[in-house]
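The values are calculated or read from the model by the stated rules, or taken from the named source; none is laboratory data. Nothing here was measured: the structure is a model prediction, and the numbers come from that model. Glycine gets a Cβ as well: all are built from the backbone with ideal geometry, and neighbour counts include every protein chain shown. Heads up: the accessible areas ignore ligands, DNA and RNA and are worked out on the full protein's heavy atoms, side chains in. Shrake-Rupley method; radii C 1.70, N 1.55, O 1.52, S 1.80 Å.
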Amino acid sequence: MIKFSHIKCNSNHIIKYPIITDKATRLLENNKYSFIVDPHSDKITIRTSIENLFNVKVIKINTCQLPRKKKRVGKYTGWKSHYKKAIVTLSKGDTINLFAEN
C-alpha cells in the first residue's frame, strides 16, 4: 500500500468532488463540508489538499469507507466502485463556496 503523505500528489487527484445531499446541506450550517476522496488517501493528505485548494483552515476530518453496491443494467449485474467519504470541519470564519453563482 502506498502512503500518500510521503509522496507529493496533486490535490485534484485526492479530492474527487463535493457531496450535495440533504444531510450534507444540513451539515453546512455547522461549517462541515462533505467530499468524495481517493480511497487510499489519509487524513493528513486530505487536510493539506483542502487547505491548499480552498485557502481555509481545517479543524477536524472524519472519514469513512463506504461499501460497494450492486448495480443492474438490463440483464447484467455488476458492482459500483467503492469510495471514501470525508467530512471536513472548518474554523469559524472560513467557508467554501460549493454553489457557483453566474
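At a glance:
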read-out: Cβ-placed point charges (K, R +1; D, E -1), dipole of the chain about Cα centre in debye, nearest 20; value: 700 debye
read-out: Order by protection proxy (mean Cβ within 10 Å, highest first), peptides 37-50, 54-67; value: 37-50, 54-67
read-out: Mean accessible surface per residue for the chain, computed with a 1.4 Å probe while every protein chain stays in place, in Å²; value: 75 Å²
read-out: Surface share of carbon and sulfur [accessible, 1.4 angstrom probe, percent] for the chain; value: 51 percent
read-out: Cα long-axis angle, helix 43-54 against the chain (0 to 90 degrees, to the nearest 10); value: 70 degrees
read-out: Contact order normalised by residue count of the range 6-102, Cα under 8 Å, 6+ apart, percent; value: 30 percent
read-out: Rg/Rg_globular for the range 6-102, with Rg_globular taken as 2.2 N^0.38 Å and Rg from C-alpha atoms; value: 1.21
